[in-house]
Amino acid sequence: MPILRQSDQEYLRQLFAERLHDPVTIRLFTQRVTQIRIPGYECVTCRETNELLEEVAELSDKITLEVHDFLQEQELARQEGIEDIPAIVLKGHNKGTVRFIGVPAGYEFATLIEDLVDVSRGTTELTPLSRETLAKLTLPVHIKVFVTPTCPYCPSAARLAHMMAVESELVVADVIEVSEFPHIAQRYRVYGVPKVVINESLEFEGARPEAAFVAMVESVAGRQNEEAPQG
């Protein structure tokens, strides 16, 4: 039985036809359903994520789905910075790294769809000032946005992080469905969502306006620059 309703499929097919410019690749790191189960490596949502992305990819000939086995292709996973599965990496005209960790379900499904459009176009709806700020970054920035499928405020933070990664080659943006990964929730003390952690040094809860979010990214990068050893 399809995950997407027929009406949703028709809507997305039309949206992709109108808004996707160039091809996009969805790279999924997962656990093959036929693979022998190894204790500690069970992936509860891998099958659902795979099925969902297959349905999305079938709606446009500009979307390609690549499926990679996390255990069998560890070198590729390492190169992509993947430590937990299911993990999704979007490839297109984005300058930086756009990733989902966990199934993009609930409110985050809309984030995935908008990300596909941005990655296809290589541009976003960020303001010119935000783009200018991101263009001035000189050091890498890793943004982690912790979300849940039922959080109506999470897509705002998730989208802003991913848009920054589309616009800047120095930004890695992970949107993490934290309820799937209790060890991550414990490590980052996630008690409410959305929660954002930037370069492991600055964190905040709740959705923030674009200007404030971009300013925090700029602040963290600037602080790193000041702390870097002087030659």
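The values are calculated or read from the model by the stated rules, or taken from the named source; none is laboratory data. As the structure is a computational prediction, the values presented were derived from the model and not from experiment. Cβ atoms come from the backbone with ideal geometry, glycine included; neighbour counts cover every protein chain shown.
Condition check for VAL166 on (1) under 16 Å from LEU90 (Cβ atoms); (2) not in a helix (DSSP H, G or I): one failure, at (2).
Checking the conditions here, which among VAL98, VAL117 is crowded, with 22+ Cβ neighbours inside 10 Å, out of contact with any Ser or Thr (no Cβ under 6 Å at 6 or more places or on another chain) and either part of a loop (DSSP other than H, G, I, E, B) or of a type in the set (Val, Ile, Thr) (or both)?
VAL98
In the range 1-10, the qualifying residues are those that are without any contact (Cβ under 8 Å) to a residue 24 or more places away in the chain and closer than 13 Å to GLU55 by Cβ, and the one that is surrounded by the fewest Cβ atoms within 10 Å (Cβ to Cβ) is MET1. Within the range 57-76, residues that are modelled with pLDDT under 95 have Cβ atoms under 7 Å from residues that are surrounded by fewer than 17 Cβ atoms within 10 Å (Cβ to Cβ) and of a type in the set (Phe, Trp, Tyr) in these pairs: LEU71/TYR41, counting only partners at least 6 apart in sequence or on another chain. Just one residue in the set GLY40, GLY122, GLY106 is of a type in the set (Gly, Ala, Ser) and either buried (at least 22 other Cβ atoms within 10 Å of the Cβ) or at pLDDT below 95 (or both); that residue is GLY40. The conditions are (1) in a loop (DSSP other than H, G, I, E, B); (2) modelled with pLDDT of 95 or more; (3) small (Gly, Ala, Ser), and ALA207 fails exactly one of them. Which is it? All conditions pass for ALA207, except number (2).
Only residues that are at pLDDT 90 or above, farther than 20 Å from ASP118 by Cα and assigned to a loop (DSSP other than H, G, I, E, B) were counted in the range 3-37, giving 3.
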